[in-house]
Structure formats: structure tokens, C-alpha cells
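Some notes on the structure that comes next.
Each reported figure results from applying straightforward, stated rules to the coordinates on display, with no laboratory input. Note that this is a predicted model, so its numbers are computed, not measured. All Cβ positions, glycine included, derive from the backbone under ideal geometry; neighbour counts span all protein chains shown.
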Amino acid sequence: MARAKMGASFGWTGNFVESADASFSLEVGDSGKVFILKGAAVTVTLPALSDIEAGYSVKIISGDDSEHIINGGASKVYGTVVDVGTTPERINGASGYTLAAGVIGDYIDLISDGVNWYISGMTDAGA
């Protein structure tokens, strides 16, 4: 018996994985998913904060060495991303984040409180 994929709802974080090789916008139902970006440089556009509830979260992993862009639009992003071997990078009210061309496995986690986005992650290439 095959196992069914579950996820894409609050409380089911991390158990639904989707690959992406082209730019896309996150949907309301994408909360809890893990996205692996590969095959080309991918731009991921975050949903408008007015469309989501507090607790919306996604994990984004670089599946190749392309430069991947997280576009927050008018939303503000706050938090810290650790760049291995250097000082952690503080994000203070940015409109997005770029995973620079680098290492497979770099990742960021994004969560919203309904007002702002909060980011944390680990990279070996900086941004």
C-alpha cells in the first residue's frame, strides 16, 4: 500500500515536499510545505499578508547551485540567516531574500505572524 502525501495545512509542517524548476507564487494552501528549488534560477513570490493567517510557514531548500530569489513584495522580512564561516546575516525589514548561487542544501524557513515575515536559515554562499 502506497503512503498518501499529507500536508499543506496548518499543523502539518514539513511532510509535503514539492520540487520547482520555474518561478511561482505561493498560494494560501501552501502553508506547511517544503519547496526544493532546482533546474534553474527560481523566484518564489510570498502571498500577500492580507490573504493568509498568522502561522503560515514554508521551508525553501536550494536543490542546485542557481541563485534563487524570495520576493516579499510590499511585505517586510525580519530575522537571521547563518552564513557558514562568517557572521550571521541580520535581515531587518527587507522586501525579500536571495539565496546566492552556491551550495545544494542551503535553506530558509519563513513564517508569518500576519503582519510581517520572519526568516531563519543556513547558507554557505551568502546573499
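Mind sorting 97, 56, 107 by how few other Cβ atoms lie within 10 Å of their own Cβ, fewest first? Walk me through the numbers on the way to the answer.
Working: 97 25, 56 22, 107 17.
Going from sparsest to densest Cβ surroundings: 107, 56, 97.
How many lysine pairs in the chain, separated by 8 or more positions in sequence or lying on different chains, have Cα atoms less than 17 Å apart?
Numbers: 5/33; 5/59; 33/59; 38/59.
Within the chain, the lysine pair count is 4.
Run the dipole for the chain about the Cα centre, Lys and Arg Cβ at +1, Asp and Glu Cβ at -1, nothing else charged, and hand back the magnitude in debye, nearest 20.
Details: 7 positive and 15 negative charges, 54 e Å.
Value, rounded to 20: 260 debye.
Using only Cα atoms, what is the ratio of the radius of gyration of segment 18-123 to 2.2 N^0.38 Å? Provide the component values of the computation, followed by the final result.
On the way: Rg = 12.7 Å, N = 106, 2.2 N^0.38 = 12.9 Å.
Against the empirical 2.2 N^0.38 Å value, I get 0.98 for segment 18-123.
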